[in-house]
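These notes are about the structure you will find just below.
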Amino acid sequence: MEIVESIESLQQQLAHARAAGKTIAFVPTMGFLHAGHLSLLEEGRRRGDVLVLSIFVNPTQFGQGEDFEDYPRDLQQDCALAEAVGVDLVFAPSSAAMYPRGYATEVNVSGITAGLCGASRPTHFRGVCTVVTKLFNIVQPHVALFGSKDFQQLAVVKRLTQDLNLPIEIIGMPIYREADGLAMSSRNVYLDSEQRRQSLALSQAITLAQDLVKQGEGEVATVIAAVSRHLGAQSLIRSDYVAICHQLTLEPQQRIDKDSVLLIAAFVGQTRLIDNGYLMDLS
């Protein structure tokens, strides 16, 4: 495994790989890897001849007062985990390399970014779209893998890739959870023991909603009310949003059907967590 900081060096190496007919699989991350990230890398290893991992805490997707400076970082540990699952190249650029002096270009996807996390974090997806477009242009992968915990982000990346005619297959991987159901997130390290206990209400709320639908409940408002009550019963949880949307458009729904996905964002103490789940069995 090789760690590459230079954009030009990475592009040269990958140009040789493409010329040799090799398939490039790519997993973009902000580092502080956990088992969810490793599941993406393992699938990428199966799909690609060359597996590239990027580790870059992207400043442009953090809003004012968010945790950019405090976001957990451990490049040495990340590289050890990456090597163990067969990563070929770790791309770890500096902010100065990605956004040099005079940088003036932004990428924005409208519509699908307006609600949910986009409403709470109005500059977030512009930063995500900009950095993902840059990384896609640098790596030029054949396939890129993203986790489904960031459901809106995955939908936005798919839309961006389609709209810009990028020849990249976008793969969304299932949410990876702790044994007790908490969706894995690098930000989970912020939680103290009581916050960690109460954070289980998010995954419990998804199960509650799925059970209501199995019992025949089809009204979106009824399910959202039940989920909101469950979250509100926890003293340390403050809901950001609870929504039931169409899985492709992310438009709010009035009735629950096979395309319905429940999306939750909530603050547990000062830590913002997200989770989601389909409301009908898709098998």
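Applying the selection to the stretch 123-149, what residues are outside any helix (DSSP H, G or I) and either at pLDDT below 95 or within 19 Å of residue 25 (Cβ to Cβ) (or both)?
Correct list: 140, 141, 142, 143, 144, 145, 146, 147, 148.
Search the stretch 218-243 for residues that are within 16 Å of residue 194 (Cα to Cα) and pair each with any residue that is in a loop (DSSP other than H, G, I, E, B) when their beta-carbon atoms are under 7 Å apart and the residues are at least 6 apart or on different chains.
236/269
Exactly one of these conditions fails for residue 185: (1) hydroxyl-bearing (Ser, Thr, Tyr); (2) more than 19 Å from residue 148 (Cβ to Cβ); (3) buried (at least 16 other Cβ atoms within 10 Å of the Cβ). Give me its number.
Every listed condition holds for residue 185 apart from (2).
Criterion first (on the phi > 0 side of the Ramachandran plot, assigned by TED's automatic domain parsing to the domain that holds residue 42 and of a type outside the set (Gly, Ala, Ser)) does residue 140 satisfy it?
Against the criterion (on the phi > 0 side of the Ramachandran plot, assigned by TED's automatic domain parsing to the domain that holds residue 42 and of a type outside the set (Gly, Ala, Ser)), residue 140 qualifies.
Would you confirm, using the coordinates I've provided, whether residue 69 is out of contact with any Ser or Thr (no Cβ under 8 Å at 6 or more places or on another chain), assigned by TED's automatic domain parsing to the domain that holds residue 145, of a type in the set (D, E, K, R) and touching a residue at least 12 places away in the same chain (Cβ under 8 Å)?
No, not satisfied.
Being in contact (Cβ under 8 Å) with a residue 40 or more places away in the chain, exposed (fewer than 13 other Cβ atoms within 10 Å of the Cβ) and not assigned by TED's automatic domain parsing to the domain that holds residue 129 is the requirement here; does residue 262 meet it?
Here the answer is no, as residue 262 does not meet what is asked.
So, in the stretch 83-115, exactly how many residues are of a type outside the set (Val, Ile, Thr), over 16 Å from residue 56 (Cα atoms) and assigned to a loop (DSSP other than H, G, I, E, B)?
12
The values are calculated or read from the model by the stated rules, or taken from the named source; none is laboratory data. All of these numbers come straight from a predicted model, not from anything done at the bench. FYI the Cβ positions are ideal-geometry reconstructions off the backbone, even for glycines, and counts take in every protein chain you see.
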